[in-house]
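Comments concern the structure below.
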Amino acid sequence: MPVQLLKIIKGKSETPLPSHLQKEDLKYLQEGFDHTNKYFQGIVILSYPLTKLKDGTDFFKVVLQDLDNSCSRINSINILIYGKMAEDCAKVIRHGDTCIVAGFKLAKSPTAREDGRHGCHLEVSEEAGSAIYSVAPKYVYTPLNHLKDGTIVNLYGIVKFFKPPYVSKGTDYCSVVTLLDPTNVKLTCTLFNGNLDSLPKIYKVGDIVRFHRIKIREYNGQMQGVTSVGFASLTFDGTVGAPVVPRTSSKVYTFMDEEQKTIEELRVWAASNLSISGPAAKLSGVQPMLFFDLTCQLVGKAKVDGSSFLLKVWDGTKCPYPTWKVPVEAKDLEGEKVLLHQLRILTVDILVYDNHVQLAKSLKIGSFLRIYSIHTKQASANDEGVSHIEFHLHGGTCYGRGIGVLPDSNPDVQELKAFLESVDLADSQNMASMSSMELDSTFNNVTDLESHLQRCQQLSVTGRKHFFYSCIHITEVSTLVCSLVQKQFIPFLPLQEIYRQAVEAGRNLLTHFGNGFRREVPDGGDFDFILQGSAVTAPNPELHNTSWYDSVMWTTQDQKQRKIAIHFVKHDEMLQQPEDTLLMIEGGTLKEVWKLTKRFKCVIPVRSTEHDLELLDLSAPFLLQGNIKYYGCKQCSTPKPIKNLSSIAAEQRPSWEPTEIAQVLGIEPLQYVFIMKFTLVDGTGAINAYLFDYEKFFQIPASEILTNNFLQQKMQMTMNMLCPPGRKLDDLPWLECFIKSYNVRDAMKHRVYYQIFDTTVAEDVV
């Protein structure tokens, strides 16, 4: 092995050096001498970053000091390491380590005059048969209750919570883990690395980790851990009695005998003091509206659209409910076609979104996965009237959402493999012959919708189709029209009809109930015009770099020579990671603003005044977050100074939630809504009922419909179901819903209007 770690026990190496090697003194390292069976030993006093030569070869340089001649004028020598050995050494060799170099080539050093070191240097590589022995240091591990700000420590901890590695908004992968130890102190660590394999291989709560060289910093009175130069980790199964086998991608690491005792003690403590969930759920045990972790095998995958990706998985058990089969082209589906056909009753389709898509694309067919926080959603019926459930892995990392790839050596994988091999696929073929009616009966037992509909009178909907949960008391339309309103409702102005074509195109409104104000969602051109107008006023340099934000300003190179200023809000006097950062921009174009929203958490367009920054006209959004623009009500808002944002920045963990930002800035936020008019007929009469909905009716957020292709497709499909073309009145679908009436009086007339309320599309029948 070209790079080895030597354990020193009672002053002697546990693994002796080869007997033919003899130590060479620094002063005898001269050209013309035979150094074939010699080794040089020294202390690392300097190391340089791992780099690549022009031909792509890895290169690593360290400086060793000869302790036997430390008083000599020249007591150090350059060690040049090439190839795979350079990469391995860069992972384990640290300042202060003792290193032994054997099988080296001696060459004249071209930098001896400049650096004052030995006139020769040592060249080593795996191809030359060289070897480097690094004496394993005696590590000291710090309990979590003894951590101090600004220190770099080694520690052990039990995983209380974790987020699987995900792609950050930069170029690195990120993982978050909260640790606990017998001192009952928690430590949350945020870990970054450009190499996914270099992050801790954590599979479940209760795993035990060992971190070397993790940096501790204090944040609002609590200690946090972040990666530092040389960070390394080992992960162990936290199950009492399980083999003590470290998980790591590094081929070179230290693990002392006494550390095994540490692992076993932490396992026993965790078993008594940490609430660890049982094994991950099986598909046979899932229920609608459940969040669960699933250990499974990937048998197929396909791209659905730009923001979602399909994973076909199985765990050998059968879901008790009919499951949603995501429609994709056969040519787009990766996987063994024969196997996919055999397993079609046992596989489920999981749709993953947003930040999980990149990792999902890279997964290999046949790999074993643990998917965290899958959401099972009771969904609409298909054309045959069969209800089903959907499996979703939503975007973001809240509640530990993510995907982990398990190695074949993982005990859960070995158990799953054995079970999958025992599954009789002939039984699954028999299950495929079940009729859709038999399958749908399972859902009817859960929702009892069929018996419920039998008890309820239904309404026909002219040009619309809906089934709803449901009226306690059914009222005929004729009775509803003729009766007096006994209950008082908050009156509002009658809404103009928005045609089906407009809704299908994704048109919606912004509204604020405070004074009945509503406006159509502005298009990008309006916003761009406002930005252009604000850019006429140059940023005020006197407002830059305050106690709560840092500023940068530059002039564009085009003909207009616009001045652009960006103000990055700080937290605890430090700039945060982009995905946690709120920034303010002056002088930017619409295109520039959208680019910033893709990288940073929040963007607020502002302009300079003499004494402070201020929001733009409220015709423009006061906040942009991701693809969503947040608007304020012109009539009800009383904008406050931008410096009020500093109160959020001073919080322990600023969330930068839109509602909180609006509150401190004196903004009454507008809300995205759909508005529709339904004509309802039941044979006794007809009424027009208005729908004024944020997200409850369609279960689609009005704020996201304009920017989300998947939601637009879902909305279009729903609208096609609601208004089937070419149908006669008697063939139109039925509806049950809550309807309330309200009075509108003016100087001339008294009118009664009707509104649909407290009604949601029943997903098992649409």
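See the values below:
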| read-out | value |
| --- | --- |
| Of residues in the stretch 160-186 being assigned to a strand (DSSP E or B) and β-branched (Val, Ile, Thr), the one surrounded by the most Cβ atoms within 10 Å (Cβ to Cβ) | Val177 |
| Positions within the stretch 354-405 being modelled with pLDDT under 90 and of a type in the set (Phe, Trp, Tyr), in sequence order | Tyr399 |
| Selection within the stretch 577-597 - in contact (Cβ under 8 Å) with a residue 40 or more places away in the chain and touching a Lys or Arg at 6+ places or on another chain (Cβ under 9 Å) | Gln577, Pro578, Glu579, Asp580, Leu582, Glu586, Gly587, Gly588, Thr589 |
| Given (1) farther than 26 Å from Ser250 by Cα; (2) at pLDDT below 90, index of the condition Ile45 fails | (1) |
| Boolean, Leu144 is among the aliphatic types (A, V, I, L, M), outside the structural domain of Thr262 (by the TED database), over 30 Å from Tyr39 (Cβ atoms) and open to solvent by less than 20 Å² (accessible area, probe 1.4 Å) | yes |
| Condition check for Gly157: within 25 Å of Gly225 (Cα to Cα) and either touching a Gly at 6+ places or on another chain (Cβ under 7 Å) or in a loop (DSSP other than H, G, I, E, B) (or both) | no |
| The stretch 532-564: number of residues that are outside any loop (DSSP other than H, G, I, E, B) and exposed (fewer than 13 other Cβ atoms within 10 Å of the Cβ) | 5 |
| All positions within the stretch 590-640 that are more than 26 Å from the chain's Cα centre (by Cα) and open to solvent by 60 Å² or more (accessible area, probe 1.4 Å) | Arg607, Glu610, His611, Glu614, Asp617, Lys634, Gln635, Thr638, Pro639, Lys640 |
| Asp68 open to solvent by 10 Å² or more (accessible area, probe 1.4 Å), modelled with pLDDT under 90 and under 18 Å from Lys38 (Cβ atoms) | yes |
| Test result for Thr248, at pLDDT 90 or above, among the polar types (S, T, N, Q) and not assigned by the TED database to the domain that holds Ser647 | no |
| Residues of the stretch 565-589 classified as more than 17 Å from Ser534 (Cβ to Cβ) and open to solvent by 30 Å² or more (accessible area, probe 1.4 Å), total | 10 |
| Within the stretch 323-378, tally of residues that are under 23 Å from Pro407 (Cα atoms), of a type in the set (A, V, I, L, M, F, W, C) and open to solvent by 30 Å² or more (accessible area, probe 1.4 Å) | 3 |
| Residues of the stretch 123-153 satisfying the condition of being under 24 Å from Gln577 (Cα atoms) and assigned to a strand (DSSP E or B) | Ile152, Val153 |
| Failed condition for Ala128, given (1) surrounded by fewer than 18 Cβ atoms within 10 Å (Cβ to Cβ); (2) at pLDDT below 90; (3) not assigned by the TED database to the domain that holds His20 | (3) |
| Selection count where residues are touching a residue at least 24 places away in the same chain (Cβ under 8 Å) and open to solvent by 60 Å² or more (accessible area, probe 1.4 Å), scope the stretch 652-682 | 4 |
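Yes/no per residue for (1) surrounded by 16 or more Cβ atoms within 10 Å (Cβ to Cβ); (2) in contact with a Phe, Trp or Tyr (Cβ under 8 Å, 6 or more places away or on another chain); (3) farther than 24 Å from Val405 by Cα; (4) modelled with pLDDT of 90 or more:
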{"position": "Val209", "(1), (2), (3), (4)": "yes, yes, no, yes"}
{"position": "Gly225", "(1), (2), (3), (4)": "yes, yes, yes, yes"}
{"position": "Ser228", "(1), (2), (3), (4)": "no, no, yes, no"}
{"position": "Tyr253", "(1), (2), (3), (4)": "yes, no, no, no"}
{"position": "Glu258", "(1), (2), (3), (4)": "no, no, yes, no"}
{"position": "Thr262", "(1), (2), (3), (4)": "yes, yes, yes, yes"}
{"position": "Asn273", "(1), (2), (3), (4)": "no, no, yes, no"}
{"position": "Leu283", "(1), (2), (3), (4)": "yes, yes, no, yes"}
{"position": "Pro288", "(1), (2), (3), (4)": "yes, yes, yes, no"}
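Residue by residue, here is whether (1) within 26 Å of Gly206 (Cβ to Cβ); (2) out of contact with any Cys (no Cβ under 8 Å at 6 or more places or on another chain); (3) small (Gly, Ala, Ser) holds:
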position: Lys282; (1), (2), (3): yes, yes, no
position: Pro288; (1), (2), (3): no, yes, no
position: Thr317; (1), (2), (3): yes, yes, no
position: Pro320; (1), (2), (3): no, yes, no
position: Leu340; (1), (2), (3): no, yes, no
position: Val348; (1), (2), (3): no, no, no
position: Tyr353; (1), (2), (3): no, yes, no
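The values are calculated or read from the model by the stated rules, or taken from the named source; none is laboratory data. As the structure is a computational prediction, the values presented were derived from the model and not from experiment. Please note: Cβ atoms are built from the backbone with ideal geometry, for glycine as well, and neighbour counts cover all protein chains shown. Surface areas here come from the heavy atoms of the whole protein model, side chains and all, with no ligands, DNA or RNA. Shrake-Rupley method; radii C 1.70, N 1.55, O 1.52, S 1.80 Å.
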